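*Asks:* For reference, the structure I am asking about is given below.
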Amino acid sequence: MRGTRFTETMLGTVRLDPGGPVRRIRLDLRARAEEVLRPHRTVRARVDGRVRVAGLADDPDATGELEISPLAGRRIAYRLSFTAQGRRLTLDGWKSVTARHPVRSMTVLPFSLYEDGAPIGQGTLRFPLATGLAPFLLSFRFPRHEDGDRFLAPRWDGSPGRTEVWYTTLTDPATGTGLWLHHELVAPTDGSAPTAHGWAAVFPPEGKVTHARFGPVPWSGPTHGFTAGDVTAGPGRLSGSAGDLSWNLTEQPAAEPLFTFPRWSWRRPLLPATHMLPAARATYDGTFATPDGTLTLHGAPGASARINGHGNARRWAWLHADLGDGAVLEVVAAVSTRPLLRRLPPLVFLRLRHRGRTWPRRAERSAVGLLGVGRFRADIGLPRWTVTGRTLLRRIRVDVTQPAERTLALDYRDPDGAPAVCRNSESADATILLERWWGRWRTEASWTLSGTAHAEVGDR
Amino acid sequence: MTAPGLVAALLADTGEEEWPARVPGRLEAFLSALPAPVRGAVRTGAGAVDAYAVLHSGRRLNALTPDERQAVLDSLAARPRLLPILDLLKVPVLLAAATERTPAPRPSAAPADPPLDCVPAAEWPTRTRADAVVVGSGAGGAVAARTLARAGLDVVVLEEGEHHTTASFGTRAPLERFTDLYRDGGATAALGDPPLLLPVGRAVGGTTVVNSGTCYRTPDHVVDRWSGRYGFHLADGLPARLDEIERTLRVATQPLDVLGANGLLALAGAERLGWRAAPLRRNAPGCKGSCQCVVGCPTGAKQSVQLSVLPDACAAGARIVTGARVLRVLLDRDLPGGPRAAGVLARRADGSELEILSPLVVTAAGALQTPALLRRSGLGRHPRLGRNLSVHPATSVAGRFAEPVTSWSGVLQSVGVEELHSRGILIEATASPPGMSSFVLPGLGRPLRRELEAADRLAVLGAMIADRPSGRVHGRDRTLVRYRLDPRDGARLIEAVGAMGRILFAAGAQEVLTGIPRAPRVYTPTELDSVLATLTPRDLHLSAFHPTGTVAAGGDPQRAPADPEGRLRGVHGVLVVDASVLPGCPEVNPQLSIMAAALAVTENYLEREVSRRTSTAA
């Protein structure tokens, strides 16, 4: 289900007391609705933003609600609460839509101001058509709202030659320790019974990387996630043991799902493999026991991811970087094992969720560009690998360093038995530079992660 | 000035007195308050008479001598078909003349009115919210506002008219108040056969500001009919609610001390005939007999709702916005279960608009305005909306007595003669301020002037008829009322004229003025009967009062636009509490019936809301 987001700016005047001065007022609002805006229905949205009243208020944390009903109710109602010199005021008004004056009625917002429910003033706000219409229309987004838990259910349909992965990576903010839990279902190509196996790994900031495997055990066919013996990976919970490692974690999703590959490839598995995150960011609580002691996690940032496909790539690189303030970067660059495709350079799937938006807007953009032009490029190597790319007005450069002492090399095996080697670090370093074109390339944002990036490079 | 020549001719002005010269100016001021069609008709009529004068005498009326003017009028009066039209021209001239002839009122020491929370629409914010909006502050709206406010709801009453205080009534001439207090300056009419003058009030307090204060309880047989035949089951609870309303309005039988000669003569005449008659029950404790009920009681004795009910409503938190005409009930159309009222859109006098959002809209704009409001709001689809209009067609008769009666000194509507009430005829001794009676003095020019000079010897009776619903309210932005008098009701009117004549003769009247242009005077009951035998209702000067039933409540969804609980069908959150919700003619002055029905509808709504919330919470 999709929602609606847009921004709106309105300017006007307000008079607080009869006979008092007329003050200028400006609203800069962000609206978020849980459903798609439909003009013939009533849609309610939450708004937040900034309210400025000349000489009285400048509150960047105004909140309220919006009732958008241009045809059914013939009004667009605003109710905002904001603080003015310590007083909590409420702005309540609505545009009254009429076919006789479509423009005026859609742009003029008479309102009243209340303090503790008592009216203290009134005014009129106007939407500035000349300067505000284009930003207003361009601001519309219709993001999906999805329950990430449903992506944890197994996708395997009984076909031979399939691999399905549930993996979780996180960083303990207290100690800087990186953790990796890998759960894998393998349906061999020869048609033999599917098995479940996996491993856990610990990446302490100091000291040796350790890991332990569990399984393989016969696949028991769970419906909500992964199960292999005492190891489970389901909605909101991860538990189990492998060797002398054991864990018992709860997972709190902190963001919407993020599809690293095109969404359609998850629904219809036409690509050799596909990758997505049920929650682009998550936090973890619980315990993770190692021979050197037990880690107690409180709000540890990380993410769980899902892979569904036919096996491992011929060559690949992966990065998950929690950039703070809700931003997250997910990169998969891979070369397929399929004939012809194996001759191509790495296809880069880069997804940057930043300030509530995901860039590039379509996953295909970074992989294949526009008809093959302008695709993102990856230079895969160790200990350093890079990804670069640009769209029309924005470009990015990602540098990942996986120091050898903080990297774990593991053998992978495809459903057909072909081997691969993975070099993983849950305490990698990364620098990310995001630039935007505005006459020249200007830095829009830059991030440096020291030991908190989760990265992996694999080859054969 | 309007038609100074016609005024001088009709009033037989010889220039010896000063006041007739002021009448054209007063007439101009009066006409300016009337709707343009009425104003145009009066001016066209005056112009036609002037043109006739040019044809008759070579000059316009204004340039003629008094004798020549009289000759022109005599020539016109010789054509009986023109007399009804000339009577229509006489009405505004006599109104203006009475105002100029009567000394200006002395400012009286009126008691202070109970406080109201009135806010002019210009000062009311453009956007507000409330729990309930009541459209109209008359009998029904006031009771609804009080009931809802006492239940804790935030209530806003929207009133198209203005708030007039008792003190303001005492300082202004009756005609000035008349044009302010009535819709269209009192010129509301029902078109039809015959046309009826149908005045309705427009002020804070609605028509209760300008009614006579007569308070009849709804007759039992009417209650039974509303409940049994129409399925308006709330009527079953009316008796108890009528008790409460009577207590609120302090209804009591009018004492004889200030009754006035007009009422005493009616009592005497009825007694000699052996007919049932008594002083009326009224909501005017301490009435001083000012005889100005129809232009606002200048002593504050009459307990109009702005003095009795609305103060309680305001004390409970209700607010009244004056000078705001409600254009539309706002609707939310996409809610599950069908459309729901969301508030109202109203227009201020300067043309700007204001809106109040409210989940409950109570319409109390009166039986003539509520249908139009609902149509403007897209709620007028029910085929019976605006139909089923009942009024009380009324006519009046005057009797000339040897001794002065001075009917305008005493209680305006004082005595009820109920002998014929079982046959749908209610006779009430009804005087009025000079010139404002629906009774039109006979004659043109000098005969009219003589009647005017001798008006203090006239006693006036009025009769109203319980009709069959025969009218319909058309229109969205401006109402058009059509009414076709039922033949049964026409016969009742003729019978009523005869009954009133008999009462006046029995009381000692020397002659009875019938108000019928072609037989203006009769001297014996026998002569009256012979005149009436040749009459049709079209020959009478008819007025009508008490419009009801245009959004009738009832059990049959096909016939009643409102359900048995007074909720408008086809929408949630709209209550109808004015006279339009009454299923049929109340057969008596309807103020108590309207108020009790409004009380029943709103109390029932509150009970339903409480039970709904309780079940939701459970």
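The values are calculated or read from the model by the stated rules, or taken from the named source; none is laboratory data. Here the structure is a predicted model, which means the values were calculated and not measured. No Cβ is skipped: glycine too gets one built from the backbone with ideal geometry, and neighbour counts run over all protein chains shown.
*Asks:* Of all residues in segment B:204-217, which are over 12 Å from the mean Cα position of the chain (by Cα) and either among the aromatic types (Phe, Trp, Tyr) or farther than 15 Å from B:ASP578 by Cα (or both)?
*Replies:* If the condition is that a residue be over 12 Å from the mean Cα position of the chain (by Cα) and either among the aromatic types (Phe, Trp, Tyr) or farther than 15 Å from B:ASP578 by Cα (or both), then B:THR214, B:CYS215, B:TYR216, B:ARG217 are the ones that fit.
*Asks:* Go over the candidates B:GLY555, B:GLY584 one by one and state the one that is of a type in the set (Gly, Ala, Ser), under 19 Å from B:ASP467 (Cα atoms) and surrounded by fewer than 24 Cβ atoms within 10 Å (Cβ to Cβ). Don't jump to the end; show me each part of the working.
*Replies:* Values: B:GLY555 fails: under 19 Å from B:ASP467 (Cα atoms).
None of the others qualify; the one that does is B:GLY584.
*Asks:* A:LEU56 is checked against (1) of a type in the set (A, V, I, L, M, F, W, C); (2) under 30 Å from B:ARG328 (Cα atoms); (3) without any contact (Cβ under 8 Å) to a residue 60 or more places away in the chain and fails just one. What number does that condition carry?
*Replies:* Going through the list (1) of a type in the set (A, V, I, L, M, F, W, C); (2) under 30 Å from B:ARG328 (Cα atoms); (3) without any contact (Cβ under 8 Å) to a residue 60 or more places away in the chain, A:LEU56 breaks only (2).
*Asks:* Across segment A:1-25, what is the total count of residues that are surrounded by 18 or more Cβ atoms within 10 Å (Cβ to Cβ) and of a type in the set (A, V, I, L, M)?
*Replies:* 4
*Asks:* Tell me yes or no: at least one residue of segment A:124-139 is of a type in the set (D, E, K, R) and out of contact with any Gly (no Cβ under 7 Å at 6 or more places or on another chain).
*Replies:* Keep residues of segment A:124-139 that are of a type in the set (D, E, K, R), which gives A:126.
With the extra rule that they be out of contact with any Gly (no Cβ under 7 Å at 6 or more places or on another chain), the set shrinks to none.
No, segment A:124-139 contains no residue that is of a type in the set (D, E, K, R) and out of contact with any Gly (no Cβ under 7 Å at 6 or more places or on another chain).
*Asks:* Any residue at all in segment B:201-211 that's part of a helix (DSSP H, G or I), touching a Leu at 6+ places or on another chain (Cβ under 7 Å) and not charged (D, E, K, R)? Before the answer, list the steps.
*Replies:* Here is the first cut: in segment B:201-211, the residues part of a helix (DSSP H, G or I) are B:206-209.
Next cut, touching a Leu at 6+ places or on another chain (Cβ under 7 Å) only: B:209.
Going one step further and asking which of them are not charged (D, E, K, R), we end up with B:209.
Looking through segment B:201-211, at least one residue is part of a helix (DSSP H, G or I), touching a Leu at 6+ places or on another chain (Cβ under 7 Å) and not charged (D, E, K, R).
*Asks:* Exactly one condition in (1) of a type outside the set (Gly, Ala, Ser); (2) in a strand (DSSP E or B); (3) touching a Cys at 6+ places or on another chain (Cβ under 6 Å) is not met by B:LEU575; state its number.
*Replies:* Just one mismatch for B:LEU575, condition (3).
*Asks:* With the checklist (1) assigned to a helix (DSSP H, G or I); (2) surrounded by fewer than 20 Cβ atoms within 10 Å (Cβ to Cβ); (3) in contact (Cβ under 8 Å) with a residue 40 or more places away in the chain in hand, flag the one item B:PRO447 doesn't pass.
*Replies:* Unmet condition: (3).
*Asks:* B:PRO103 - would you say it is without any contact (Cβ under 8 Å) to a residue 40 or more places away in the chain and either farther than 28 Å from B:THR248 by Cα or within 14 Å of chain A (Cβ to nearest Cβ) (or both)?
*Replies:* Working: without any contact (Cβ under 8 Å) to a residue 40 or more places away in the chain: yes; either farther than 28 Å from B:THR248 by Cα or within 14 Å of chain A (Cβ to nearest Cβ) (or both): yes.
Here the answer is yes, as B:PRO103 does meet what is asked.
*Asks:* Being within 14 Å of chain B (Cβ to nearest Cβ), out of contact with any Phe, Trp or Tyr (no Cβ under 8 Å at 6 or more places or on another chain) and among the hydroxyl-bearing types (Ser, Thr, Tyr), is that true of even one residue in segment A:131-139?
*Replies:* The answer is no, given that none of the residues of segment A:131-139 is within 14 Å of chain B (Cβ to nearest Cβ), out of contact with any Phe, Trp or Tyr (no Cβ under 8 Å at 6 or more places or on another chain) and among the hydroxyl-bearing types (Ser, Thr, Tyr).
*Asks:* May I pose another question? Do you know which residues across segment A:299-333 are without any contact (Cβ under 8 Å) to a residue 60 or more places away in the chain and surrounded by fewer than 22 Cβ atoms within 10 Å (Cβ to Cβ)? Break it down stepwise before answering.
*Replies:* Just the residues of segment A:299-333 that are without any contact (Cβ under 8 Å) to a residue 60 or more places away in the chain, to begin with: A:325, A:333.
Correct list: A:ASP325 only.
*Asks:* I'd like the residue in segment B:499-525 that is assigned to a helix (DSSP H, G or I) and at pLDDT 95 or above and, out of all such residues, is farthest from B:ARG79 (Cα to Cα). Break it down stepwise before answering.
*Replies:* As a first pass, look at segment B:499-525 and keep what is assigned to a helix (DSSP H, G or I): B:499-506, B:525.
If we keep only those that are at pLDDT 95 or above as well, we get B:499-506.
Details: B:ALA499: 29, B:MET500: 28, B:GLY501: 27, B:ARG502: 30, B:ILE503: 32, B:LEU504: 30, B:PHE505: 30, B:ALA506: 34 Å.
Looking at the filtered set, the residue picked out is B:ALA506.
*Asks:* Return yes when A:PRO188 is at negative phi and modelled with pLDDT under 95 and no when it is not.
*Replies:* no
*Asks:* Would you mind listing the strands (runs of 3 or more DSSP E) fully within segment A:186-234 where at least 1 residues are free of Cβ contacts under 8 Å to residues at least 12 places away in the same chain?
*Replies:* Answer list for segment A:186-234: A:231-234.
*Asks:* Residue check: is A:PRO119 free of Cβ contacts under 8 Å to residues at least 12 places away in the same chain and facing chain B (nearest Cβ under 10 Å)?
*Replies:* The answer is yes for A:PRO119.
*Asks:* A further question on this structure: Can you pull out the residues in segment A:69-97 that are assigned to a loop (DSSP other than H, G, I, E, B) and more than 9 Å from every other protein chain (Cβ to nearest Cβ)?
*Replies:* Across segment A:69-97, the qualifying residues are A:PRO70, A:GLN85, A:GLY86, A:VAL97.
*Asks:* Moving to a separate point now. Which of the following residues is of a type in the set (A, V, I, L, M, F, W, C) and assigned to a loop (DSSP other than H, G, I, E, B): B:VAL610, B:VAL551, B:VAL531?
*Replies:* Details: B:VAL610 fails: assigned to a loop (DSSP other than H, G, I, E, B); B:VAL531 fails: assigned to a loop (DSSP other than H, G, I, E, B).
Exactly one residue qualifies, and that residue is B:VAL551.
*Asks:* Can B:GLY416 be described as modelled with pLDDT of 95 or more and not charged (D, E, K, R)?
*Replies:* Judged against the criteria, B:GLY416 is a match.
*Asks:* Scan A:ALA418, A:ALA378 and give me the residue that is among the small types (Gly, Ala, Ser) and touching a Pro at 6+ places or on another chain (Cβ under 9 Å).
*Replies:* Exactly one residue qualifies, and that residue is A:ALA378.
*Asks:* Continuing with the same structure: Would it be correct to say that B:ARG276 is over 28 Å from B:ALA167 (Cβ atoms), in contact with a strand residue (DSSP E or B) (Cβ under 8 Å, 6 or more places away or on another chain), surrounded by fewer than 21 Cβ atoms within 10 Å (Cβ to Cβ) and of a type outside the set (Gly, Ala, Ser)?
*Replies:* Yes.
*Asks:* Determine whether A:ARG104 is surrounded by fewer than 18 Cβ atoms within 10 Å (Cβ to Cβ), within 14 Å of chain B (Cβ to nearest Cβ) and either outside any strand (DSSP E or B) or in contact (Cβ under 8 Å) with a residue 24 or more places away in the chain (or both).
*Replies:* Yes, satisfied.
*Asks:* Out of the residues in segment B:460-489 that are under 23 Å from B:LEU513 (Cβ atoms) and β-branched (Val, Ile, Thr), which is surrounded by the most Cβ atoms within 10 Å (Cβ to Cβ)?
*Replies:* B:ILE465
*Asks:* Sticking with this structure for a sec: Could you please tell me which pairs satisfy a Cβ distance under 6 Å, a separation of 6+ or placement on different chains, a first residue in segment B:167-190 that is closer than 21 Å to B:SER290 by Cα, and a second residue that is surrounded by fewer than 21 Cβ atoms within 10 Å (Cβ to Cβ)?
*Replies:* Once the first residue is closer than 21 Å to B:SER290 by Cα and sits in segment B:167-190, its partners that are surrounded by fewer than 21 Cβ atoms within 10 Å (Cβ to Cβ) give B:ALA167/B:ALA110; B:GLY170/B:PRO107; B:GLY170/B:SER108; B:GLY170/B:ALA110; B:THR171/B:PRO107; B:THR179/B:ALA33.
*Asks:* Applying the selection to segment A:27-39, what residues are under 21 Å from A:THR131 (Cβ atoms) and crowded, with 17+ Cβ neighbours inside 10 Å?
*Replies:* Correct list: A:LEU27, A:LEU29, A:ALA31.
*Asks:* From (1) over 18 Å from the mean Cα position of the chain (by Cα); (2) farther than 27 Å from A:HIS211 by Cβ, pick out the condition that doesn't hold for A:ALA418.
*Replies:* (2)
*Asks:* Return a yes/no flag: does segment B:311-322 have any residue that is surrounded by fewer than 20 Cβ atoms within 10 Å (Cβ to Cβ), out of contact with any Ser or Thr (no Cβ under 6 Å at 6 or more places or on another chain), more than 23 Å from B:ARG146 (Cα to Cα) and of a type in the set (A, V, I, L, M).
*Replies:* There is no residue in segment B:311-322 that is surrounded by fewer than 20 Cβ atoms within 10 Å (Cβ to Cβ), out of contact with any Ser or Thr (no Cβ under 6 Å at 6 or more places or on another chain), more than 23 Å from B:ARG146 (Cα to Cα) and of a type in the set (A, V, I, L, M).
*Asks:* Looking at this structure, is B:GLU451 out of contact with any Cys (no Cβ under 9 Å at 6 or more places or on another chain), under 20 Å from B:VAL91 (Cα atoms) and at pLDDT below 95? Write out each step before concluding.
*Replies:* On the way: out of contact with any Cys (no Cβ under 9 Å at 6 or more places or on another chain): yes; under 20 Å from B:VAL91 (Cα atoms): yes; at pLDDT below 95: yes.
For B:GLU451, the condition - out of contact with any Cys (no Cβ under 9 Å at 6 or more places or on another chain), under 20 Å from B:VAL91 (Cα atoms) and at pLDDT below 95 - is met.
*Asks:* Among the residues of segment A:40-63, is any surrounded by fewer than 15 Cβ atoms within 10 Å (Cβ to Cβ) and within 14 Å of chain B (Cβ to nearest Cβ)?
*Replies:* Within segment A:40-63 (the criterion being surrounded by fewer than 15 Cβ atoms within 10 Å (Cβ to Cβ) and within 14 Å of chain B (Cβ to nearest Cβ)), the answer is yes, since at least one residue qualifies.
*Asks:* Please determine, by comparing only the residues of segment A:107-116 that are within 11 Å of chain B (Cβ to nearest Cβ) and touching a Lys or Arg at 6+ places or on another chain (Cβ under 7 Å), which one is farthest from A:ARG87 (Cα to Cα).
*Replies:* So, considering only residues that are within 11 Å of chain B (Cβ to nearest Cβ) and touching a Lys or Arg at 6+ places or on another chain (Cβ under 7 Å), the one farthest from A:ARG87 (Cα to Cα) is A:VAL108.
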